[in-house]
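In what follows, a single structure is set out as structure tokens and then discussed.
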Amino acid sequence: MYALLGGIVVVVIWWRGAAPAVGPGASLMDAGRLVGLLAGYVALVQVLLRARLSALRQSMGMRRINSWHRLLGGYLVVLVMSHAALITAGYAAQTHVSLLHQFGALFTDYPWVWASIVGAGLLVVVGLTSMRALRRRLGYKMWHGLHVFVYVALVLAFFHQTVLGEHFLHNTVLRWVWTASFIGVGVLVVGSRYWRPVTLFVRHFRTEAFEL
Amino acid sequence: MKRLALLVAGTAAVVALIVTVRPHHAAAPRRPVAIDSTTLPLPSVAISTPATPSPSPPPHYRTGTITGPRVHTDYGYVRVKVRAAHGRIVRVVALELPHMTPVDVQLSRPAANELAREVVRTQRADVDTVSGATYTSEGYLSSLQSALDRLS
């Protein structure tokens, strides 16, 4: 339910945050921007679901967390692909070039878009390897190892959002709120998944040593 | 898989709906078209006060070429060069326009041409911004105004 609320906030940001696109391909670009913002938001939710937050575990339960993460994972891949397709189509219509040419131009001429395309590629690989049949064949270790690349993908994709994103280009406050939520979620997940186990281990080790 | 398909279909429907529903900017309000007075029945008595105050005559510019300052916009820098002769603006050229992305180039070049035409026609820098290129227009006209200030 809260996740849906966030989705509505994203739509409001999209609606109020920037003037609609104009010219040919305007609706494609507008839809692409909205889907892109939505993808960024869903990515944050995905990371949060896996951040081992005790509050979340108590209120949702592991079963529901897992099932949501699975559903939203597939959803995120679809959103990212649609965002890329819509923006490419919209820009191609605007500049009167072919889709392929436009995609190449996005890759080479636009700041940080190449990184986000690499990130999207990583995300697709992770998505594919999480489909049941493939996942079973890969084994847990391989699958889990690949899943860690999602963090790399999110970092790679982050920069094109704040550098090029129509909604962040003209609105400093919105840009900082977006950046802060990404950093915040990053700190949270590193803290609970990596830093906390280390400190727990160190504490345990010290106690053991003391008792010996 | 079924839930995912449902979620994706729902999202597609909602996105399509709100993109269509969202009001798009109509073209920026244009100046009212000058009415050809010869086609209108003219009153026989002179009207002392017109309904709308007529714009003051354009200033007299001294002859010369001035390059305006570089003006920063969200999409990049804009800078114009203006030439005046016989008291009138003769030519405005954009020396620099936003070009970070091909879309910027695609939008700002025609906008600059339209602004240049309009400026030469009206002989002032307070013309309407070009819709779809608002930021570029504002930067363009601001750079132009500074240049014109030094020519008047």
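For the stretch B:89-115, filtered to residues that are among the small types (Gly, Ala, Ser) and closer than 15 Å to B:Ser131 by Cα, the residue that is surrounded by the most Cβ atoms within 10 Å (Cβ to Cβ) is B:Ser108.
Among the residues of the stretch A:167-180, write down those that are assigned to a helix (DSSP H, G or I) and open to solvent by 40 Å² or more (accessible area, probe 1.4 Å). Let's see the steps before the verdict.
From the stretch A:167-180, those assigned to a helix (DSSP H, G or I) are A:167-169, A:172-180; that's our starting set.
Result: A:Thr172, A:Val173, A:Arg175, A:Trp176, A:Val177, A:Ala180.
Being over 10 Å from the mean Cα position of the chain (by Cα) and either of a type in the set (Phe, Trp, Tyr) or in a helix (DSSP H, G or I) (or both) is the filter; apply it to the stretch B:114-138 and report the residue that is nearest to the other protein chains (Cβ to nearest Cβ). Step through it out loud before you land on a result.
Applying the first criterion (over 10 Å from the mean Cα position of the chain (by Cα)) to the stretch B:114-138 yields B:117, B:120-124.
Applying the additional criterion that residues be either of a type in the set (Phe, Trp, Tyr) or in a helix (DSSP H, G or I) (or both) yields B:117, B:120-122.
On the way: B:Arg117: 19, B:Val120: 25, B:Arg121: 23, B:Thr122: 24 Å.
Within the stretch B:114-138, the match that is nearest to the other protein chains (Cβ to nearest Cβ) is B:Arg117.
Pairing each residue of the stretch A:55-73 that is open to solvent by 40 Å² or more (accessible area, probe 1.4 Å) with any residue that is assigned to a helix (DSSP H, G or I), provided the two are 6+ apart or on different chains, yields C-beta distances under 7 Å for A:Leu56/A:Ile65; A:Arg57/A:Ile65; A:Trp68/A:Leu49.
Per-residue answers, yes or no, for (1) at pLDDT 70 or above; (2) of a type in the set (Gly, Ala, Ser):
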site	(1), (2)
B:Thr11	yes, no
B:Val15	yes, no
B:Pro23	yes, no
B:Ala27	no, yes
B:Pro55	no, no
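The set of residues in the stretch A:34-54 that are at negative phi and either of a type in the set (Ser, Thr, Tyr) or open to solvent by 40 Å² or more (accessible area, probe 1.4 Å) (or both) comprises A:Tyr41, A:Leu48, A:Arg50, A:Leu53, A:Ser54. Among the conditions (1) more than 9 Å from every other protein chain (Cβ to nearest Cβ); (2) in a helix (DSSP H, G or I), A:Ala51 misses just one, which is (2). Inclusion of A:Ser98 among residues that are on the phi < 0 side of the Ramachandran plot, without any contact (Cβ under 8 Å) to a residue 60 or more places away in the chain and either surrounded by 14 or more Cβ atoms within 10 Å (Cβ to Cβ) or within 14 Å of another protein chain (Cβ to nearest Cβ) (or both) is warranted. One residue stands out in the stretch A:1-33 among those that are among the β-branched types (Val, Ile, Thr) and either in contact with a Lys or Arg (Cβ under 8 Å, 6 or more places away or on another chain) or more than 12 Å from chain B (Cβ to nearest Cβ) (or both): the one that is surrounded by the fewest Cβ atoms within 10 Å (Cβ to Cβ), namely A:Val9. Taking the stretch B:67-88 as the region of interest, how many residues are open to solvent by 10 Å² or more (accessible area, probe 1.4 Å), within 16 Å of the chain's Cα centre (by Cα) and at pLDDT 90 or above? The number of residues fulfilling the criteria is 1.
Which residue, of A:Ser116, A:Ser130, is in contact (Cβ under 8 Å) with a residue 40 or more places away in the chain, under 22 Å from B:Ala5 (Cα atoms) and of a type in the set (S, T, N, Q)?
One residue alone meets the criteria, A:Ser130.
The lone criterion from (1) at the interface with another protein chain (Cβ under 10 Å from one of its Cβ atoms); (2) touching a Ser or Thr at 6+ places or on another chain (Cβ under 9 Å); (3) closer than 28 Å to B:Gly10 by Cα left unmet by A:Glu166 is number (2). Out of all the residues in the stretch B:95-109, which are within 13 Å of the chain's Cα centre (by Cα) and either within 10 Å of chain A (Cβ to nearest Cβ) or of a type in the set (Gly, Ala, Ser) (or both)? Listed by number, the residues that qualify are B:Leu107, B:Ser108.
Report yes if some residue within the stretch A:197-212 is under 28 Å from the mean Cα position of the chain (by Cα) and surrounded by 12 or more Cβ atoms within 10 Å (Cβ to Cβ); otherwise report no. No: zero hits.
Look at B:Val119 and say whether it is in contact with a Lys or Arg (Cβ under 8 Å, 6 or more places away or on another chain) and modelled with pLDDT of 90 or more. First the steps, then the outcome.
On the way: in contact with a Lys or Arg (Cβ under 8 Å, 6 or more places away or on another chain): no; modelled with pLDDT of 90 or more: yes.
For B:Val119, the condition - in contact with a Lys or Arg (Cβ under 8 Å, 6 or more places away or on another chain) and modelled with pLDDT of 90 or more - is not met.
The values are calculated or read from the model by the stated rules, or taken from the named source; none is laboratory data. As the structure is a prediction and not an experimental result, all values here were calculated from the model. Neighbour counts run over all protein chains shown; Cβ positions are idealised from the backbone, glycine included. We work out accessible area using only protein heavy atoms, side chains counted, and drop any ligands, DNA or RNA first. Shrake-Rupley method; radii C 1.70, N 1.55, O 1.52, S 1.80 Å.
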